[in-house]
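Step one of this worksheet: look at the structure below.
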Amino acid sequence: MQKPKSNTDCLFVRNNLFNHQEKLLSGNDLKEFEDHLLMCEECSLIVSGFQSVASLIDDNKSVEVNGFFQTRTLQRIASELEQVRNTPGAGLQSILQPIMISFLLLAAVVIGLSIGKRFDSKHASITAHVKNVETMKSDLFIKDFMDEDQTAFNNQ
């Protein structure tokens, strides 16, 4: 007669998955592990899934890397660095590039300030013109004249 499955047995199986896979369980523990797998379908599914994942990992470990990969990579890096060093003007370009970027930034700031100054002067002249018109209207009492003109047209 088999003993009923208990949560502690399931916990024992889950805690010892790696030990079972690596065959590190002692005789009594291995027997308890195997007996529980025969009684518990859930744990047997977990163990079979774990074993399939472990075998997949082991298969990927067996891929052999080309022995000359590192040598060829290091040689290519060295040749690319040598090309950069031997290129005429490479050192000058690395010096001139930040200078040109700074110059362009300065030019953009100067252009922006000049555009702002033009807008400000145009705005100031328009404001002055509006003030002059308002002053002329108040000096000539144009509002009074406008009222008289409207009454003249309304009487006809």
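It is to be established whether one or more residues within the range 59-72 are out of contact with any Leu (no Cβ under 6 Å at 6 or more places or on another chain), among the charged types (D, E, K, R), surrounded by 10 or more Cβ atoms within 10 Å (Cβ to Cβ) and modelled with pLDDT of 85 or more. Yes, there is a match, as at least one residue in the range 59-72 is out of contact with any Leu (no Cβ under 6 Å at 6 or more places or on another chain), among the charged types (D, E, K, R), surrounded by 10 or more Cβ atoms within 10 Å (Cβ to Cβ) and modelled with pLDDT of 85 or more.
Just wondering, is there one or more residues in the range 37-55 that are part of a loop (DSSP other than H, G, I, E, B), at pLDDT 85 or above, surrounded by 10 or more Cβ atoms within 10 Å (Cβ to Cβ) and not polar (S, T, N, Q)? Yes, that holds for at least one residue.
Considering each residue of the range 97-148, count those that are at pLDDT 85 or above and not aromatic (F, W, Y), and give that number. Residues meeting the conditions: 18.
The values are calculated or read from the model by the stated rules, or taken from the named source; none is laboratory data. Quick caveat: nothing in here was measured; it's all calculated off a predicted structure. Heads up, the Cβs are rebuilt from the backbone with ideal geometry, glycines too, and the neighbour counts pull from every protein chain shown.
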